[in-house]
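Asks: Okay, handing you the structure first.
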Amino acid sequence: MNHIERLATLNRIRKFSRLMDSAFGIPGTKFRIGLDPIIGLVPGAGDLVDTAFSAYLIYLATRFNIPRETLGKMIYNISLEAVIGSVPLVGDIFDAFYKSNMRNLALLEEHLEAVEPELAEVAKPVSESIKM
């Protein structure tokens, strides 16, 4: 991938992660949720769809040659959210707070800051703006 394609892929991952985990603010609070916990409300299929979207983001992240350790952490984040997210109601609340896609985006940006600082300069890394 050339520099423009890499930047476009990174921006696609950023936008999609935010859409899934923090797109909507809850009025009167600083708390944000995304489509992930909303889709997860659909019994059975919702959590499967959420996991598929998250797996797609990991697929995109692999284009940046992330280390196996980082890839393992990303897979762990999605697996944890998929397993706990499948528990009715409790899982949906967990999905709203855990935000695996934003965690994975922070891992990717941390990797990119170390190996491709020119991509990190394009936008402020999410890892600085989220609390884990």
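Asks: Going by the structure shown, is residue 85 modelled with pLDDT under 95, touching a Phe, Trp or Tyr at 6+ places or on another chain (Cβ under 7 Å) and farther than 30 Å from residue 2 by Cα?
Replies: The answer is yes for residue 85.
Asks: Still on this structure: If you check residue 53 against the conditions, is it touching a Ser or Thr at 6+ places or on another chain (Cβ under 8 Å) and of a type in the set (Phe, Trp, Tyr)? Steps first, please.
Replies: Details: touching a Ser or Thr at 6+ places or on another chain (Cβ under 8 Å): no; of a type in the set (Phe, Trp, Tyr): yes.
So residue 53 fails the test.
Asks: Quick one: which helices (runs of 4 or more DSSP H) lie wholly within the range 29-121 and hold at least 1 residues that are touching a residue at least 12 places away in the same chain (Cβ under 8 Å), touching an Asp or Glu at 6+ places or on another chain (Cβ under 9 Å) and aliphatic (A, V, I, L, M)? Steps first, please.
Replies: Working: elements: 35-39, 45-61, 68-85, 90-98, 100-115.
So the answer is 35-39, 68-85, 90-98, 100-115.
Asks: What about residue 52, is it at pLDDT below 90 and farther than 27 Å from residue 117 by Cβ? Give the steps one after another, and end with the answer.
Replies: Details: at pLDDT below 90: no; farther than 27 Å from residue 117 by Cβ: yes.
When the stated conditions are applied, residue 52 does not pass them.
Asks: Name the residue, out of 39, 66, 13, that is among the hydrophobic types (A, V, I, L, M, F, W, C) and within 12 Å of residue 95 (Cβ to Cβ).
Replies: Working: 66 fails: within 12 Å of residue 95 (Cβ to Cβ); 13 fails: within 12 Å of residue 95 (Cβ to Cβ).
On inspection, the qualifying residue turns out to be 39.
The values are calculated or read from the model by the stated rules, or taken from the named source; none is laboratory data. Treat the numbers as computed from the prediction; the structure is a model and nothing was measured. For neighbour counting, all protein chains shown are included, and Cβ atoms are generated from backbone atoms with ideal geometry for every residue, glycine included.
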